[in-house]
Amino acid sequence: MADFTVTPWEVSGAVDYSKLIKQFGTSRIDAQLKECISRAVKGHHHMLNRDFFFSHRDLDLILKDHETGKGFFLYTGRGPSKGMHIGHLVPLLFTKWLQKKFGVNLYIEITDDEKFLFRREYDWKEVQKNADDNIAEIAALGFDPERTFIFKDSEYVKNVYPLLLKTARKITGSTVKSVFGFDDSTNIGMNFYPAYQVVPSFFEKKRCLIPCAIDQDPYWRIQRDIAEGLGYYKTAAVHCKFFPPLQGISGKMSSSAGSETAILLTDDEKTVKNKINKYAFSGGRASVEEHRKLGGDPAIDVPYQWLSILFEPDDDALKKIHEDYRSGKLLSGELKLMLIERLNLFLKEHRECKAKAGKDIQKMMYSGKLAKEMWERTYE
Ligand code: TYM
């Protein structure tokens, strides 16, 4: 029996990522592949170096397609909910880096339909409000407005309905039952929805690369079973681990788990400070004396882990924090303060970008080069 669960809707227990690679049938991103990526982009990304992006499907083929000039495109997405949290930034910021390094088109699916169907507590108006807010958060991250298309499923459906139907015709009820655990009480909209999450991987007749956390992989398994039969490539994917909640390094930061478990992108400075000081699980010792003598444990320390994943990209600086914490020179309160300062600086800049994102949102949804092309195009 597995002592952890990973599905697109639930992550619980201490996830064993090596087991997950086997269970899902993906491949580990090994040293050789990392080397190939570095060579292709002439650079590094700390999330790859530190194995936060740890698993993939066909990433080697993406690099080949890039090398031979065939090219590829990027696709990622978001199921809109009330507040985006900092964990959601992980795949998005990595996607931004890939877009910049490879200069490729990017499609971002906003699944208002999924949220409406799967979360009965939301009415349609609320879903739309959340979707518009989430789009502003995403646009604020600074994707290339001419090469990025952000679309809400309910709006873009008129352009893709025939392709959606073709896709849906290839997916049986027993497939979604076994892949997602649906049963007879699952509403028929939910049974249909997976077809729409597959469709953007067909937006170009090139290989698609999907950056996401590993929870979304079940969709790509379905895509890979049907893509070639429809005349498209099997999609590639690059998977990250889960950004941990404040309370400890197992499980995932989640919008539905309660606001005291996550830092939301809308949290103000005081809220950030209070949440970290009150809730962030510490690998420090019970007293200052003991900590100075025995040192802390960065491996289970949430502030250290968050710095490592997002807020301290410099390897030397992170190494120093690790050493000082291990040796007891750096106290838990000091480490928390370091995180609070960086987080608040990041969120302040993010808020400013969000306030100024109007023009870019317009471009990425409707008037930029790629968006314009997409609205003129229909898919069959
Ligand atoms: P959603 O809105 O649940 O999550 C959006 C993206 O964030 C990732 N994610 C996390 N990554 C790291 N740490 C976490 N704690 C964490 N929580 C969520 C998710 O893996 C996802 O990449 N059905 C999708 C929307 C979607 C999509 C896609 C996502 C449509 N097409 C293509 C990825 C790629 C959803 O509800 O994601």
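The values are calculated or read from the model by the stated rules, or taken from the named source; none is laboratory data. Every value quoted in this text rests on a predicted model; they were computed, and no experiment measured them. We place every Cβ from the backbone using ideal geometry, glycine too, and count neighbours over all the protein chains shown.
Listed values, structure above:
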item: Single residue of Leu59, Leu74, Leu117 found to be more than 12 Å from the ligand (Cβ to nearest atom) and at pLDDT 95 or above; result: Leu59
item: Candidate set from the range 149-182 (those that are within 20 Å of Thr7 (Cβ to Cβ) and touching a helix residue (DSSP H, G or I) at 6+ places or on another chain (Cβ under 7 Å)); member that is farthest from the ligand (Cβ to nearest atom); result: Gly173
item: Pick from the range 249-266, criterion modelled with pLDDT under 90, more than 10 Å from the ligand (Cβ to nearest atom) and part of a loop (DSSP other than H, G, I, E, B), ranking: surrounded by the fewest Cβ atoms within 10 Å (Cβ to Cβ); result: Gly258
item: Ile135, sole failed condition from (1) part of a helix (DSSP H, G or I); (2) of a type in the set (A, V, I, L, M, F, W, C); (3) within 12 Å of the ligand (Cβ to nearest atom); (4) crowded, with 20+ Cβ neighbours inside 10 Å; result: (3)
item: Residue in the range 220-238 that is crowded, with 22+ Cβ neighbours inside 10 Å, within 30 Å of Ile300 (Cα to Cα), at pLDDT 95 or above and not hydroxyl-bearing (Ser, Thr, Tyr) present; result: yes
item: Which numbered condition Asp3 fails, given (1) exposed (fewer than 13 other Cβ atoms within 10 Å of the Cβ); (2) at pLDDT 95 or above; result: (2)
item: Residue check, Ala40 small (Gly, Ala, Ser) and without any contact (Cβ under 8 Å) to a residue 12 or more places away in the chain; result: no
item: Residue among Ala213, Ala237 that alone is near the ligand (Cβ under 8 Å from one of its atoms) and touching a residue at least 60 places away in the same chain (Cβ under 8 Å); result: Ala213
item: Subset of the range 102-114 that is of a type outside the set (A, V, I, L, M), over 16 Å from Gln197 (Cβ atoms) and touching a Lys or Arg at 6+ places or on another chain (Cβ under 8 Å) - its residue that is farthest from the ligand (Cβ to nearest atom); result: Gly103
item: Test: Tyr122 is among the aromatic types (Phe, Trp, Tyr), within 12 Å of the ligand (Cβ to nearest atom) and not in a helix (DSSP H, G or I); result: no
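Rundown of residues vs (1) out of contact with any strand residue (DSSP E or B) (no Cβ under 8 Å at 6 or more places or on another chain); (2) within 20 Å of Asp60 (Cα to Cα); (3) of a type in the set (Ser, Thr, Tyr); (4) part of a loop (DSSP other than H, G, I, E, B), yes/no style:
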position	(1), (2), (3), (4)
Asp184	yes, no, no, yes
Gln197	no, no, no, no
Cys208	no, yes, no, no
Asp215	no, no, no, no
Asp225	yes, yes, no, no
Ala237	no, yes, no, no
Pro244	yes, no, no, yes
